[in-house]
Amino acid sequence: MSKLLLVDDDVELTELLSSLLTLEGFDVQTANNGLEALQKLDESHELVLLDVMMPKLNGLDTLKEIRKVSNVPVMMLTARGEDIDRVLGLELGADDYIVKPFEPKELVARVKAVLRRYEPKQEEDKNILKFGELEINLSNYSVLY
């Protein structure tokens with residue numbers, strides 16, 4: 001189960017998205033501003049969903065702070081959909097940028113896509129030697145041809 005950090009100052013939206021993502025099998029932790037997000041963020045989070053316009057510390061400044069300490073994937077969720085806003089978010093280190101309002105199914109699909117790109121390779125994969133159609137598994141001492 002992937003652990004997500006959802007950061008948005010809209011409490012109703014945060015609750016709705018948290019419920020949706022939980023139903024999809026994610027472990028969701030929430031924060032309502034950038035400062036709270038930075039306090040909660042740890043190495044167990046596999047993805048951050050981050051609003052841009054928030055009090056205390058906006059999403060872009062929060063993203064800058066996250067990038068100083070972590071390479072965790074970050075998806076920007078925002079009402080700011082101008083090209084310059086998207087480009088700035090991506091240049092600051094966001095991995096995806098989705099404009100509100102969005103379809104819930106699209107959000108879930110994008111979350112899964114970002115997580116697939118950052119999934120650590122299976123430990124067993126580096127223990128499998130392949131020579132054409134011959135596979136030697138060093139973990140369980142099996143040979144497949």
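The values are calculated or read from the model by the stated rules, or taken from the named source; none is laboratory data. Given the structure is predicted, the values throughout are model-derived calculations rather than measurements. As a convention, Cβ positions derive from the backbone with ideal geometry for all residues, glycine included, and neighbour counts pool all protein chains shown. Side chains included, ligands, DNA and RNA excluded: accessible areas come from the protein's heavy atoms. Shrake-Rupley method; radii C 1.70, N 1.55, O 1.52, S 1.80 Å.
Please report the antiparallel percentage of the DSSP beta bridges confined to the chain, to the nearest 5.
Of all bridge pairs located within the chain, approximately 30 percent are antiparallel.
Looking at A113, L129, L47, which one has the Cα that reaches farthest to the positive end of the dipole of the range 39-145 (charges on Cβ: Lys, Arg +1; Asp, Glu -1)?
Value computed over the given set: L47.
Dipole magnitude of the chain about its Cα centre, charges +1 at Lys/Arg Cβ and -1 at Asp/Glu Cβ only, in debye to the nearest 20?
Working: 17 positive and 28 negative charges, 63 e Å.
That gives the chain a dipole magnitude of about 300 debye.
Calculate for the chain the 222 nm mean residue ellipticity that helices alone would give, adding -39,500 (n - 2.57) per DSSP H run of length 4 or more and normalising by residue count, nearest 500 deg cm²/dmol.
Dividing the helical sum by the residues of the chain leaves -11500 deg cm²/dmol.
I'd like the carbon and sulfur percentage of the solvent accessible area for the chain, probe radius 1.4 Å, heavy atoms only, ligands and nucleic acids excluded.
Details: 4600 of 8950 Å².
Percent of accessible area from carbon and sulfur atoms in the chain: 51.
Do you know the relative contact order of the range 1-81, to the nearest whole percent, from alpha carbon pairs under 8 angstrom that are 6+ apart?
32 percent
With the contact rule set at Cα under 8 Å and sequence spacing of 6 or more, what percent relative contact order holds for the chain? Show your work: numbers first, answer last.
Details: 221 pairs, mean separation 24.2, N = 145.
Normalised by residue count, the contact order of the chain is 17 percent.
Enumerate the amide H contacts of L6 below 5 Å, restricted to partners 5 or more residues apart or on another chain; note that Pro and chain-start residues carry no placed amide H.
Q29, T30, A31, L49
Quick check for you: with a 1.4 Å probe and neighbouring chains kept, what is the accessible area per residue of the chain, in Å²?
In whole numbers, the chain has 62 Å² accessible per residue.
If you compute semi-axes √(5λ) of the Cα gyration tensor in Å for the structure shown, which of [x] 24, 18, 17; [y] 35, 14, 12; [z] 35, 16, 15 do you land on?
[z]
Longer than 19 Å from Cα to Cα, which of K40/K68; K40/K112; K68/K100; K40/K64 are they? Say none if no pair is.
Over 19 Å Cα-Cα: K40/K112; K68/K100.
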